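Participant: Below: one structure in structure tokens.
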Amino acid sequence: MLITAASVRRVSEYVAAHLGRAMTLDELAKIAGYSRFHFARGFRAATGMPPYAYLIRQRIARACEMLAAGDMPVAAIAAATGFASHAQFSSRFRQITGLAPTAYREMLR
């Protein structure tokens with residue numbers, strides 16, 4: 001089952017606007033206008049990834065922008081992008097990009 005492109009867009013816009021705070025599957029499903037079950041299945045079918053993986057990727061993408069933009073401390077970037085801790089952020093960042101956040105920043109200089 002697919003969810004509509006408009007629903008995916010609403011969720012994507014919501015995620016982008018609220019990256020710094022915790023989000024639940026129920027919250028995202030409500031924004032999309034589907035039950036939790038149908039949203040999770042439909043979002044994955046429409047985007048190729050489950051909602052949580054999408055959220056993490058969006059947070060990492062924003063963190064990459066922030067790392068490139070200046071000298072904001074990595075711990076502050078982790079907090080600003082909604083990660084519970086610096087360690088969680090670093091682990092996810094490395095998992096997705098293949099680099100530690102500081103190594104990514106150095107690579108861009």
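No lab work stands behind these numbers, since they all come straight from the coordinates. The structure presented is a predicted model; accordingly, all values stated were derived computationally and were not measured. A quick note on method: Cβ atoms are made from the backbone with ideal geometry, for glycine too, and the neighbour counts reach across all protein chains shown.
Participant: Please list, ordered by chain and number, the residues whose modelled amide H lies under 5 Å from the amide H of Met72; skip anything fewer than 5 residues away on the same chain.
Facilitator: Hits under the 5 Å cutoff: none.
Participant: Another question, if that's okay. Would you mind counting up the charge near Ala29? Only other residues with Cβ under 13 Å from its Cβ, with Lys and Arg at +1 and Asp and Glu at -1.
Facilitator: +3
Participant: Report, in debye and to the nearest 20, how large the dipole of the chain comes out about its Cα centre when Lys and Arg carry +1 and Asp and Glu carry -1 on their Cβ.
Facilitator: For this selection, approximately 240 debye.
Participant: On a full-extension model of 0.36 nm per residue, what is the gain between Ala53 and Ala22, subtracting their alpha-carbon distance, rounded to one decimal in nm?
Facilitator: Gain on extension, Ala53 to Ala22, equals 9.8 nm.
Participant: Continuing with this model, one more query. I want to check the label-to-label distance for Ile96 and Arg36. Put each point 7 Å from Cα in the C-beta direction and report it in nm to one decimal.
Facilitator: 2.4 nm
Participant: Taking square-rooted eigenvalues a ≥ b ≥ c of the alpha carbon gyration tensor, is region 55-108 rounded, prolate or oblate, where a/c under 1.5 means rounded and, failing that, a/b exceeding b/c means prolate?
Facilitator: Here region 55-108 falls in the rounded category.
Participant: Could you work out how far apart the two model spin labels at Asp71 and Met107 are, taking each label as a point 7 Å from the Cα in the direction of the beta carbon, and quote it in nm?
Facilitator: Reported label-point gap for Asp71 and Met107 is 2.3 nm.
Participant: Using the number of other C-beta atoms within 10 angstrom as an exposure proxy, rank Leu99, Leu67 with the fewest first.
Facilitator: In increasing order of surrounding Cβ atoms, one gets Leu99, Leu67.
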